[in-house]
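Working notes, beginning with the structure itself.
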Ligand SMILES: *Cc1c(COP(=O)(O)O)cnc(C)c1O
């Protein structure tokens, strides 16, 4: 395996993250189930955005940026990690959060501790408000750097091509890689990495919010852009991108019996904590697909833990997470 070309990158994460067996769940499911611990990337509780930020922040620094701006939901893990990266590099940070203002808990609490400035917005207005905040910073004589939703620019997504390379160097050859997919950057990076590294396992994104017909072409296009960033021309069609969207139907951040069952199962059979929004939903999909026999017996499946742990401490999920009806 020849290494991926190197792109400018600032070290923010503890890498490589561990790969651990999940023996009790493996036995229960008749699979070799492993977990890739990107909840342990280390930047203010970490998560998949830490890897993306290593490349995004390098771009920001190259442009002489003094402020990072980005957007997300009220309990955005991406926003929390961006706030931490800005603090770490001596930059200011503006977060445009879509949703109603609420008392700080979970990620929002950490955004405050990390010193980020919060602008309240809505899902409809969020990109316009982000642009306005960018222009306002420019007018004030600052050098703002705008990070798109989910950090999913081609440079941000490229981090997951490196992440796949890291996994393969750890000696793991999975038949399947399963994870939560939302803005598509993680999946695009993995798909691009698979193309460039000749990885032949299947890459399965469990959609957290978007319908597959929206997410698949987005991932394909972004994966092509990631390949281009590495100097390779690749055609990747939406048909090659595997997204399961059946679990996204209740909507973003809605905790149902399915997520609750998955969170309880992973916590109580492996001592592994999932989050209510992303990894809980992805694990619910994994458990359901395993029961339906989608993964042939004995397959090696890597569950890529993308983080989100502070969401467990968000006030809005407390009652739901303590409910026992799923067990
Ligand atoms: C952002 C996020 C995802 C989704 O990653 P994308 O690259 O946006 O698809 C998954 N899990 C967690 C915990 C996240 O914060």
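Read-outs throughout are calculated quantities, based only on the coordinates presented, and are distinct from any laboratory measurement. For clarity, every value in this text was computed on a predicted model and none was experimentally measured. We place every Cβ from the backbone using ideal geometry, glycine too, and count neighbours over all the protein chains shown.
Compute the orientation-averaged projected area for region 91-136 from the convex hull of its Cα atoms and round it to one decimal in nm².
For the Cα atoms of region 91-136, the hull's average projected area reads 3.4 nm².
Kindly rank 68-75, 144-151, 279-286 from highest to lowest mean number of other beta carbons found within 10 Å of each residue.
Descending mean neighbour count gives 279-286, 68-75, 144-151.
The chain: D in µm²/s via Stokes-Einstein (Kirkwood Rh, Cα pairs, 25 °C, 0.890 mPa s)?
Estimated via Stokes-Einstein, D reaches 124 µm²/s.
Across every pair of different alpha-carbon atoms, what Kirkwood hydrodynamic radius in Å does region 172-305 reach?
That comes to 15.2 Å for region 172-305.
Per residue and in cubic angstrom, what volume does the convex hull of the Cα atoms of region 1-130 have?
In region 1-130, the Cα convex hull volume per residue is 159 Å³.
Restricted to Cα positions, what overall size does region 241-321 have along the principal axes? Three whole-Å values, descending.
Cα extents, longest axis first: 39, 28, 21 Å.
Would you mind checking the radius of gyration and Dmax of region 99-246 based on alpha-carbon positions, in Å?
17.7, 52
With N residues in region 77-159, what two-decimal value do you get for its Cα radius of gyration over 2.2 N^0.38 Å?
My calculation over the Cα atoms of region 77-159 gives 1.07.
Give the share of C-alpha pairs in each 5 angstrom bin for region 181-221, from 0 to the last occupied bin, in whole percents, shortest bins first.
Final binned percentages: 6, 26, 34, 20, 11, 3.
May I have the convex hull volume per residue, in Å³, for the Cα set of region 148-235?
84
Between 82, 256, 233, which gets the highest mean-square fluctuation from a Gaussian network model of the chain, Cα cutoff 10 Å?
Judging by the Gaussian network model, the answer is 233.
So if R0 is 45 Å, what FRET efficiency would residue 233 and residue 322 give, r being the distance between their Cβ atoms, rounded to the nearest 0.05?
So, using R0 = 45 Å, E works out to roughly 0.30.
Would you compute, from DSSP H runs of 4+ residues alone, the mean residue ellipticity of the chain at 222 nm, taking -39500 (n - 2.57) per run and dividing by the full residue count, rounded to the nearest 500?
Estimated from H runs of four or more residues: -13500 deg cm²/dmol.
By its C-alpha gyration tensor, with a ≥ b ≥ c as the square roots of the eigenvalues, how is region 112-156 shaped: rounded for a/c under 1.5, else prolate for a/b larger than b/c, else oblate?
rounded
Please give the peptides 57-65, 205-213 ranked by average Cβ packing (other Cβ atoms within 10 Å per residue), highest first, as a rough proxy for protection.
Order by mean packing, descending: 205-213, 57-65.
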